[in-house]
Amino acid sequence: MHAAGAETARLLILAIDEPEHATQIAEQMRRRYPNLKILARADSMQHSFELMEAGVDGVFRETFDSALSMGVDALKVLGFRSYQAQRAARIFRKHEQRAMTEHTDLRGGEDEKAYAEQVREHISELEELIREDDRDFKAGTDHAWEPTPSQSRDG
C-alpha cells in the first residue's frame, strides 16, 4: 500500500472477494493510517459486523440494495404507489443501518441476553414503524409526487 501512495490517500475502497482478507486489510489500514476513510463491500451481515469492528467508515452489503430494490418493485406490483414503496424502503434502510450500528456494540460480548433483547427491540420498533406508515397512507392524505388516482395527467 505504501507504493500505491497510502500515506497521502484520503479514501480506500475495499471491494475484494475474500471476506477474511478484506477484514485483514481493513484492520491493517486502520492501524497504519488512522485518518484514512475506508469504504468496504461486505458479503454478509456477519462480514459487515467484522468490518465495522475493524473500524471501516462505511460498510455496503452486497445484496442489501438489490433486495431493497426488489422489495420496492414487489410493493408496486401489489398495488402500492411508487412513493409508498420508496418510502417503505427508506424507512427500512434507516432502521437497518441504525440497528447494525447498535448491534455491533453488543455483538460478541459477554452479555448475549442483552444482545438478544436489543435485536427483539429493533424488530418491535420496525413493526411499529411499518404500522405507522400504513396508518399514514390509509388516511389518504399523502400523495407525494404522484397525482391522486382519480386525477388524470390531462387535467
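The values are calculated or read from the model by the stated rules, or taken from the named source; none is laboratory data. Remember, predicted model here, so these are calculated numbers, not experimental data. Don't worry about glycine lacking a Cβ; one is built from the backbone with ideal geometry, like all the others, and counts go over all protein chains shown.
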Worksheet item: Which of the residues that make up the range 60-70 are surrounded by 14 or more Cβ atoms within 10 Å (Cβ to Cβ) and either in a helix (DSSP H, G or I) or touching a residue at least 24 places away in the same chain (Cβ under 8 Å) (or both)?
Response: F64, L68
Discussion item. Can you report the number of residues in the range 18-27 which are of a type outside the set (G, A, S) and touching a residue at least 12 places away in the same chain (Cβ under 8 Å)?
Written reply: 3
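Residues checked against (1) modelled with pLDDT under 90; (2) in contact with a Ser or Thr (Cβ under 7 Å, 6 or more places away or on another chain):
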position: G58; (1), (2): no, no
position: M100; (1), (2): yes, yes
position: G108; (1), (2): yes, no
position: A114; (1), (2): yes, no
Practice prompt. Identify, from the list Q46, Q118, Q97, Q86, the residue that is polar (S, T, N, Q), in contact with a Leu (Cβ under 7 Å, 6 or more places away or on another chain) and either part of a helix (DSSP H, G or I) or on the phi < 0 side of the Ramachandran plot (or both).
Written response: Q118
Practice prompt. For A9, indicate whether it is modelled with pLDDT of 95 or more and of a type in the set (A, V, I, L, M, F, W, C).
Written response: no
Practice prompt. Taking A88 as the residue in question, decide whether it is over 27 Å from E53 (Cβ atoms), among the aliphatic types (A, V, I, L, M) and at pLDDT below 70.
Written response: no
Worksheet, complete the sentence: Note: among E62, E18, E7, E27, just one is among the charged types (D, E, K, R) and under 25 Å from H95 (Cα atoms), namely E62
Discussion item. Condition check: of a type in the set (K, R), out of contact with any Pro (no Cβ under 8 Å at 6 or more places or on another chain) and under 20 Å from E96 (Cβ atoms). Does R30 satisfy that?
Written reply: no
